[in-house]
1. Looking only at residues that are in a loop (DSSP other than H, G, I, E, B) and out of contact with any Pro (no Cβ under 8 Å at 6 or more places or on another chain) in the range 66-82, which one is surrounded by the fewest Cβ atoms within 10 Å (Cβ to Cβ)?
2. Check SER148 against each of (1) crowded, with 23+ Cβ neighbours inside 10 Å; (2) under 16 Å from the mean Cα position of the chain (by Cα); (3) more than 16 Å from the ligand (Cβ to nearest atom); (4) not acidic (Asp, Glu) and name the one condition it does not meet.
3. Going by the conditions given, is ASP121 surrounded by 14 or more Cβ atoms within 10 Å (Cβ to Cβ), free of Cβ contacts under 8 Å to residues at least 12 places away in the same chain, within 16 Å of the ligand (Cβ to nearest atom) and at negative phi?
4. Could you pull out the residue among VAL86, VAL42 that is away from the ligand (no atom under 16 Å from the Cβ) and more than 17 Å from SER146 (Cα to Cα)?
5. Mind listing just one residue for me: the one in the range 96-109 that is free of Cβ contacts under 8 Å to residues at least 40 places away in the same chain and away from the ligand (no atom under 15 Å from the Cβ) and, of those, surrounded by the fewest Cβ atoms within 10 Å (Cβ to Cβ)?
6. Has the range 128-141 got at least one residue that is outside any helix (DSSP H, G or I), at positive phi and not hydrophobic (A, V, I, L, M, F, W, C)?
7. Looking at LEU112, LEU85, LEU62, can you tell me which residue is in contact (Cβ under 8 Å) with a residue 60 or more places away in the chain and assigned to a helix (DSSP H, G or I)?
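Just so you know, all these numbers are worked out from the coordinates, no wet-lab data involved. Since the model is a prediction, treat every value here as computed from it, not as a measurement. Methodologically, a virtual Cβ is constructed for each residue, glycine included, from the backbone with ideal geometry; neighbour enumeration extends over all protein chains shown.
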Amino acid sequence: MSLPKIYGFNPNSEAGEDCTAASIFLYGCNMRCPFCMNYRLVHGAAKKPRVVSLKRVKKYVLENDTPMVIISGGEPCLCKNIEALVNEIRSWPCKVGLCTNGTCYSTLFKILPLINFVAVDVKSPNQDIYDEFDKVHGRWGYMLLSESLLDIREEAKGRNDFSYELRTTMYRPLINPSNVQQFACLVNRDDRWVLQHFRNNIALLDSSAQEEEPLNNEEVDIVLKIARNFCSNVIERYV
Ligand code: SF4
C-alpha cells in the first residue's frame with residue numbers, strides 16, 4: 001500500500017501540547033481560505049513543492065527523540081491511505097498529531113483513536129462561509145465540522161493520552177469584536193481555543209487577503225475578552 005507523499009517537513013513547530021513537534025505536510029485541500037499561508041499545498045499540481053521522504057523524517061525523529069509528529073496540510077484527511085501513514089508513525093517512538101479543518105468527518109472519525117493530539121480549525125460560525133470556502137462539501141462543511149467537534153470532545157473525555165485544540169485565525173472578515181460572540185455556537189467553555197494572529201505581510205492563497213488589515217491591539221484585546229466570557233481556555237498565538 002502506498003503512503004501519502006510528504007510535501008513539506010518542519011522539524012520544529014509548536015504543538016498544542018506546549019511541546020515542540022515535527023510537522024509533515026500533505027498535499028490537497030477541500031477549502032480555499034483566502035488567508036491560507038500553505039497555499040502551495042492547496043493549488044494545482046504544477047506548483048507542488050518537492051517531495052520529502054518518510055525515511056528522512058523517521059531518521060530525524062529517531063535521532064532527535066522528537067516527542068510528536070504532526071500530520072498537517074492542506075487537509076490531511078483527504079489523502080488516500082492516511083490511516084496507514086498514521087499507523088506507520090505510531091510504530092515510531094513518538095506521539096502522532098493531526099491538523100485538520102474538521103470537515104472530512106468520516107476519515108477523522110476513523111483515525112481519532114489512533115492519534116494523540118488534534119488541532120481543528122474553527123473558521124467561522126457562519127455556514128455561508130463554509131459554503132464559500134469548502135469546494136467539496138459546501139455549507140455541509142459546517143455541519144461536518146460540528147460533528148467532528150462532538151467526536152473530538154468525546155475522545156478527550158475517554159482518554160488521558162489525547163488532547164485537542166480549536167484554532168481560529170483572526171482574519172477581520174471572519175472574526176472581529178462585533179461577531180466573536182457568535183463563535184459560542186461552536187466553541188465550548190472547556191475547549192482550548194487558540195486565536196492566531198492574521199499576517200498580511202506574506203504570500204497568501206488569495207492575494208486580495210493581503211489588503212485586509214490585521215486586527216489592531218485594541219480589537220484583539222476586545223476579541224480575547226469576549227471570547228473568555230464563554231471559553232475558559234483562550235490562547236493568543238503569533239504564527
Ligand atoms: S487554511 Fe487550511 S483549510 Fe484553509 S485552504 Fe489552507 S490548508 Fe486548506
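1. If we filter the range 66-82 for residues that are in a loop (DSSP other than H, G, I, E, B), which is where we start, we get 66-67, 73-75, 79-81.
Subsequent filtering for residues that are out of contact with any Pro (no Cβ under 8 Å at 6 or more places or on another chain) retains 67, 73-75.
Details: PRO67: 17, GLY73: 26, GLY74: 26, GLU75: 27.
Residue satisfying both the conditions and the ranking: PRO67.
2. (3)
3. On the way: surrounded by 14 or more Cβ atoms within 10 Å (Cβ to Cβ): yes; free of Cβ contacts under 8 Å to residues at least 12 places away in the same chain: no; within 16 Å of the ligand (Cβ to nearest atom): yes; at negative phi: yes.
Criteria not met by ASP121.
4. The match here is VAL86.
5. The residue in question is SER106.
6. Within the range 128-141, one or more residues are outside any helix (DSSP H, G or I), at positive phi and not hydrophobic (A, V, I, L, M, F, W, C).
7. Exactly one of LEU112, LEU85, LEU62 is in contact (Cβ under 8 Å) with a residue 60 or more places away in the chain and assigned to a helix (DSSP H, G or I), namely LEU85.
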